[in-house]
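Undergrad: I have a structure I would like to understand better, so I am pasting it below and will then ask my questions one at a time.
The values are calculated or read from the model by the stated rules, or taken from the named source; none is laboratory data. It should be emphasised that the depicted structure is a prediction, and the values quoted were computed from it without experimental measurement. Glycine gets a Cβ as well: all are built from the backbone with ideal geometry, and neighbour counts include every protein chain shown. The accessibility values were calculated without ligands, DNA or RNA, using every heavy atom of the protein model including side chains. Shrake-Rupley method; radii C 1.70, N 1.55, O 1.52, S 1.80 Å.
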Amino acid sequence: MPRSERSPLLLAGLLAAAGTAHFAAPRQFDHIVPRSLPGSPRTWTYASGAAELALAAGVALPRTRKAAALATAAFFVGVFPANVKMAVDWRHRPAPQKAAALGRLPLQLPLVLWARAVAKSAEDRS
């Protein structure tokens, strides 16, 4: 399978794995929900997990790929505050945990660019 055909499926797999993790181990996600959001952190954890699963399905299907990939790019931007919160909250943890939290921050940019590239590829094919 050519790389251009694998890329959307890999992105869909990443989203599906992350979405599933929100339901399988919600506590770890509850802690990074920004306090400024209204309601229960668990509600936000489940809502973001459901969004990731829906985005995964949309990216996996060629007919909805472009719109879902653009929505995925926006989603990655939207969850950035949770990654910032995690980095701030973990600043006094042991070095490996602190490095993981800080490493998530610059990782958002390639994820956004990947989702946009999937959308562009889907546009080029239509």
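Undergrad: Using only the Cα atoms of the stretch 1-77, what semi-axes does the equivalent ellipsoid have when each is the square root of 5 times a gyration tensor eigenvalue? Give whole Å, largest first.
TA: Whole-Å semi-axes of the equivalent ellipsoid: 26, 12, 9.
Undergrad: Pick out which of Pro62, Pro38, Pro81 has the largest mean-square fluctuation in a Gaussian network model of the chain, springs linking Cα atoms closer than 10 Å.
TA: Residue with maximal mean-square fluctuation among Pro62, Pro38, Pro81: Pro38.
Undergrad: If the cut-off is a Cα-Cα distance under 19 Å, which lysines reach Lys85, setting aside same-chain residues fewer than 8 apart in sequence?
TA: Excluding near neighbours in sequence, the set is Lys98.
Undergrad: From the helices alone, meaning DSSP H stretches of at least four residues, give me the mean residue ellipticity at 222 nm for the chain, per-run term -39500 (n - 2.57), in deg cm²/dmol to the nearest 500.
TA: Using -39500 (n - 2.57) per qualifying helix, the result is -27000 deg cm²/dmol.
Undergrad: Under a Cβ-only charge scheme (Lys and Arg +1, Asp and Glu -1), can you give me the dipole magnitude of the stretch 32-126 about the Cα centre, in debye to the nearest 20?
TA: Using Cβ point charges on Lys, Arg, Asp and Glu, the stretch 32-126 gives about 120 debye.
Undergrad: Heavy-atom accessible area per residue, the chain, 1.4 Å probe: how many Å²?
TA: Dividing the accessible area of the chain by its residue count gives 60 Å².
Undergrad: Tell me, what % of the accessible area of the chain is carbon and sulfur with a 1.4 angstrom probe?
TA: Carbon-and-sulfur percentage of accessible area, whole number: 67.
Undergrad: Can you tell me the dipole magnitude for the stretch 65-107 around its Cα centre, using point charges on the Cβ only (Lys, Arg +1; Asp, Glu -1), in Debye to the nearest 20?
TA: 60 debye
Undergrad: Where does helix 3-24 land angle-wise versus the long Cα axis of the chain, in degrees 0 to 90, nearest 10?
TA: So the inclination is approximately 30 degrees.
Undergrad: Under 16 Å Cα-Cα from Lys120, which aspartates and glutamates qualify once same-chain neighbours fewer than 8 residues away are excluded?
TA: Cα-Cα hits under 16 Å: Glu5.
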